[in-house]
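Q: I have a structure I would like to understand better, so I am pasting it below and will then ask my questions one at a time.
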Amino acid sequence: NKYLYKHVNPKLVMKKSKPDCKYEDTLHSTKSVHTWEVTNQKLNFIPKGIANGSYTPEDCNPAFSVAILVTYRNRQSQLDVFIPYMHNFLRKQNIHYKIYVIEQQDDKPWNKGLLYNIGAKQAIAENFPCLILHDVDLLPLDENNLYACLHQPRHMSASIDKFRFVLIYETLVGGVLAITSDHYKQLNGFSNRFKGWGGEDDDFAGRMSANQFVILRFPQHMSRYTMLLHKQEAKNTARYDIMTQNEKHGAKDGLNSVHFESISVKPQRLYTLIAVRV
Ligand code: NGS
């Protein structure tokens, strides 16, 4: 597929004895294996070969290497479903991946943009060329939805059951977004100024559009997700004001202005936890 951004993590040692992984079936097959039942099945089964939240195919050399960044606070029951589900889903895609959970471990207002920037810095430091920004409450339903970056950012979760599988607005990039590390750096990442729920993703879409990026999407049937239920978070009432202000000084607010009280990186078997106090 000419639109795929081929990117192999330089840290991955390629074993010559292995053939290259195949992707045609994943991209072109019309069969949709993941259906509703799968959501409720196999949640207790964890594939072998996972350490620090990372997996690489055993029998072939992957062409894609992705860091999955999951921002998180206080939703243990969702994490308990998300992590095993994702390992089962991703392992079939013949990619190299690593799941990072970036947890805000304080009671201050939720700062998702800052958490994404912190996760991105870590993944970039570990040479991941592709970042997948992922809500913890979204589970992909179609295994043709390849977890890989394209030549432009791709909004992967355009079709969510909660919204009757309809894209709620054209510039939505929240939920699940695949973007190359180079593009993320070019945008200076997310604004760190959104405290509380909402707006940081729309602000990020503004950065993409200011940089002439195009938001790509796979066909709707491949972009289906189911959303785990939860209470609506407290909305940030200042979010529209911040978006307006950011149009003027976004360059000083992002990856280059990440501040926090403390951070620790704690590798666990099924994910690498980045614990942050903001
Ligand atoms: C918009 C929010 C986005 C959010 C989207 C979907 O209204 O941050 O809803 O949210 N924008 C503003 O508040 C400015 S959802 O219903 O999926 O949780 O991502």
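FYI, it's all coordinate maths here, none of it is from the lab. All figures in this text were calculated on a predicted structure; none of them were measured in a lab. In this analysis, Cβ positions are derived from the backbone assuming ideal geometry, glycine residues included, and neighbour counts consider all displayed protein chains.
Q: Among (1) away from the ligand (no atom under 16 Å from the Cβ); (2) closer than 19 Å to Ile83 by Cα, where does Thr180 come up short?
A: Thr180 satisfies all of (1) away from the ligand (no atom under 16 Å from the Cβ); (2) closer than 19 Å to Ile83 by Cα except (2).
Q: Further question on the same structure: Consider Lys266 carefully, then state whether it is of a type outside the set (Val, Ile, Thr) and more than 22 Å from Leu172 (Cα to Cα). Let's see the steps before the verdict.
A: On the way: of a type outside the set (Val, Ile, Thr): yes; more than 22 Å from Leu172 (Cα to Cα): yes.
Yes.
Q: From (1) more than 30 Å from Asp80 (Cβ to Cβ); (2) surrounded by 14 or more Cβ atoms within 10 Å (Cβ to Cβ); (3) under 21 Å from the mean Cα position of the chain (by Cα), pick out the condition that doesn't hold for Glu170.
A: (2)
Q: Any residue in segment 219-230 that is more than 14 Å from the ligand (Cβ to nearest atom) and surrounded by fewer than 13 Cβ atoms within 10 Å (Cβ to Cβ)?
A: Among the residues of segment 219-230, at least one is more than 14 Å from the ligand (Cβ to nearest atom) and surrounded by fewer than 13 Cβ atoms within 10 Å (Cβ to Cβ), which makes the answer yes.
Q: Turning to a different aspect of this structure: Pick from Asp241, Asp203: which is among the acidic types (Asp, Glu) and surrounded by 18 or more Cβ atoms within 10 Å (Cβ to Cβ)?
A: Asp203
Q: Being surrounded by fewer than 20 Cβ atoms within 10 Å (Cβ to Cβ) and not aliphatic (A, V, I, L, M) is the filter here; which residues of segment 104-136 pass it?
A: Gln105, Asp106, Asp107, Lys108, Pro109, Lys121, Gln122, Glu126, Asn127
Q: Now for a different question. If you go through segment 134-155 one residue at a time, do you hit one that is under 11 Å from the mean Cα position of the chain (by Cα), part of a loop (DSSP other than H, G, I, E, B), among the aliphatic types (A, V, I, L, M) and over 16 Å from Tyr225 (Cβ atoms)? Don't jump to the end; show me each part of the working.
A: Initial filter on segment 134-155 (under 11 Å from the mean Cα position of the chain (by Cα)): 134-136, 138, 147-149, 154-155.
Remaining after also requiring part of a loop (DSSP other than H, G, I, E, B): 135-136, 147-149.
Still in the list and also among the aliphatic types (A, V, I, L, M): 136, 148.
Then keep just the ones that are over 16 Å from Tyr225 (Cβ atoms); that gives 148.
Within segment 134-155 (the criterion being under 11 Å from the mean Cα position of the chain (by Cα), part of a loop (DSSP other than H, G, I, E, B), among the aliphatic types (A, V, I, L, M) and over 16 Å from Tyr225 (Cβ atoms)), the answer is yes, since at least one residue qualifies.
Q: What tally of residues in segment 183-204 results from selecting those that are hydrophobic (A, V, I, L, M, F, W, C) and more than 16 Å from the ligand (Cβ to nearest atom)?
A: Residues meeting the conditions: 1.
Q: Could I ask something else about it? How about segment 77-102: which of its residues are under 15 Å from Tyr271 (Cβ atoms), surrounded by fewer than 22 Cβ atoms within 10 Å (Cβ to Cβ) and among the charged types (D, E, K, R)?
A: Asp80, Arg91, listed by residue number.
Q: What are the pairs with Cβ atoms under 6 angstrom where one residue, in segment 216-240, is closer than 19 Å to Ile179 by Cα and the other, located anywhere, is aliphatic (A, V, I, L, M) and within 12 Å of the ligand (Cβ to nearest atom)? Sequence gap at least six, or different chains.
A: If the second residue must be aliphatic (A, V, I, L, M) and within 12 Å of the ligand (Cβ to nearest atom), the pairs left are Arg217/Ala158; Ser223/Ala158; Tyr225/Leu138; Tyr225/Ile160.
Q: Quick one: count up the residues across segment 147-170 that are within 10 Å of the ligand (Cβ to nearest atom) and of a type outside the set (D, E, K, R).
A: The number of residues fulfilling the criteria is 5.
Q: Considering only segment 177-194, state which residues are under 11 Å from Pro153 (Cα atoms) and crowded, with 23+ Cβ neighbours inside 10 Å.
A: Correct list: Leu177, Ala178, Ile179, Tyr184.
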